[in-house]
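Below is one structure; the comments refer to it alone.
The values are calculated or read from the model by the stated rules, or taken from the named source; none is laboratory data. This is a predicted model, so every value here is computed, not measured. Backbone-built Cβ (ideal geometry, glycine too); neighbour counts: all protein chains shown. Note: accessible area is taken over every heavy atom of the protein model, side chains too, but ligands, DNA and RNA are not part of it. Shrake-Rupley method; radii C 1.70, N 1.55, O 1.52, S 1.80 Å.
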Amino acid sequence: MDETLGFADLLRLMDERSSAFRAAVAAAPSLDVRVPTCPEWTVSDLVRHLGEGRHRWAATVAAGPAGAPPEVSAPVVPEEREALLAWFAASTRELLDALREAGPDRGCWTWWGPSQSPQTTGAVARHQLQQVAVHTYDAQVAVGAPQPLPDAVALDGVDEFLTTCVATTFAWPHEPGVIDYHAVEGRSWRIWFSAGGARTARLPAPVAAGDPAVTRASARGTAHELVMFCYGRITMDSLRIDGDRRLFDQLIAWEPGA
């Protein structure tokens, strides 16, 4: 698992996580159960959000290269559980079919233009795997049966988040800094923050977490824990933090381009 996941693996894992998501929803005592990791949402809201996202991204992928997302009519979302799960399964197939038809290298609109991720269908597949993976965890938390992400998904998830959601050409509004992320599975990443923005790279080998000559701050945990921290599902206290914790506070509060 030293490289990013291939396109076929992304689609396979997206399908697998979608099945796990449906299983968690099916196990909920009610669709009105609250989702602790998404406090404003019920399980029903979570299914609607994720299913509508599959529908929109399928249309975006099918549209090909574009300067803006296509206009997409809002789907009719069932309210009864069995019909809702069937609708979600259909929206997942719609996205998977669009991705297979396009292949990994076709251009399409994405919201992450200033990042290090390409504006391609392969990058869409990669990000959408993480979306369904994290929301599967949300659904599992809601029914009291959380499971860690599969290692391959979690390791790719850290890399994908840092290159897509953190890396940017927007100026960092604080003093220059460096953050390292270390997964106990043996993979590490570094992010540089400066007036030129934020850029990230995978480190060839772990570096000393507390060495001030190397980094100003670092976080260490399992790949699953790092992904959940990136997406705000757990706090810094769940990880081993070394260096200046204020750098993480600044990163969490940062809204590039706002």
Each label sits 7 Å from Cα toward the beta-carbon; between GLU71 and HIS174 the label points are separated, in nm, by 4.3 nm
How many percent of DSSP beta bridges within the chain run antiparallel, rounded to 5?
-> 80 percent
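Taking 41 Å as R0, compute the FRET efficiency from the Cβ-Cβ separation of ALA195 and GLN147 and round it to 0.05. Don't skip to the answer; put the middle values down first.
Numbers: r = 42 Å, r/R0 = 1.01.
After rounding to 0.05, the efficiency reads 0.50.
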HN-Hα couplings for the range 153-168 via Karplus (6.51, -1.76, 1.60; θ = phi - 60°), in whole Hz with x for Gly/Pro, come out as 5, 5, 5, 5, x, 4, 4, 5, 4, 5, 7, 9, 9, 10, 4, 6
Fully extended contour minus Cα-Cα distance, from ASP32 to GLN119, at 0.36 nm per residue = 27.7 nm
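Please compute the Kirkwood hydrodynamic radius over the chain, one decimal place, Å, based on all pairs of different Cα atoms. Could the numbers behind the result be given before it?
Values: mean 1/r = 0.0522 Å⁻¹.
Radius from the Kirkwood sum: 19.1 Å.
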Within the set VAL166, VAL47, VAL77, GNM on the chain using Cα springs under 10 Å gives the largest fluctuation to VAL77
Which whole-Hz couplings ³J(HN,Hα) result when phi for each residue of the range 63-68 is put into the Karplus expression 6.51 cos²θ - 1.76 cosθ + 1.60, θ = phi - 60°, listed in order with x for Gly and Pro?
-> 6, x, x, 7, x, 7
When every alpha-carbon pair in the range 65-183 is counted, what percent end up more than 20 Å apart?
-> 58 percent
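Ignoring any ligand, DNA or RNA, what whole percent of the accessible area of the chain comes from carbon and sulfur when the probe is 1.4 angstrom? Intermediate values should be presented prior to the final figure.
Values: 6100 of 11680 Å².
Here carbon and sulfur together make up 52 percent of the probe-accessible area.
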Here, GluC sites (Glu not before Pro) of the range 44-112 satisfying both criteria (DSSP loop; at most 12 other Cβ within 10 Å) are GLU71, GLU79, GLU80
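What is the sum of charges around THR120, taking Lys and Arg as +1, Asp and Glu as -1, for the other residues whose C-beta is under 9 Å from the C-beta of THR120? Walk me through the numbers before you get to the answer.
Values: positive: ARG106; negative: ASP105.
Net charge in that neighbourhood comes out at 0.
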If one computes P(r) from the Cα atoms of the range 20-73, what percent of pairs lie at distances over 17 Å?
-> 48 percent
What Rg and what Dmax come out for the range 3-46 when only alpha-carbon atoms are used, in angstroms?
-> 13.7, 40
Computed label-point distance, nm, for sites CYS165 and VAL184 using a 7 Å Cα→Cβ extension = 2.2 nm
How far is it, in nm, from the label point at ARG202 to the one at ARG245 when both lie 7 Å from their Cα along the line to the Cβ?
-> 3.1 nm
Expressed as a whole-number percentage, the relative contact order of the chain with C-alpha contacts under 8 angstrom and at least six residues apart is 17 percent
Given backbone amide H placed at 1.01 Å from N, residues whose amide H is under 5 Å from that of GLY196, ignoring those fewer than 5 places away on the same chain, are TRP172
Which residue, THR235, THR164, THR200, has the most motion in a Gaussian network model of the chain that connects Cα atoms within less than 10 Å?
-> THR235
What's the local net charge at VAL61, with K and R +1, D and E -1, over the other residues with C-beta under 14 Å away?
-> +2
Modelled FRET efficiency - R0 35 Å, GLU79 with ARG100, Cβ distances, 0.05 increments | 0.70
Starting at the first residue of the range 28-36, write each ³J(HN,Hα) from the Karplus equation 6.51 cos²θ - 1.76 cosθ + 1.60 with θ = phi - 60°, in whole Hz, x for Gly and Pro.
-> 5, x, 7, 6, 8, 4, 6, 9, x
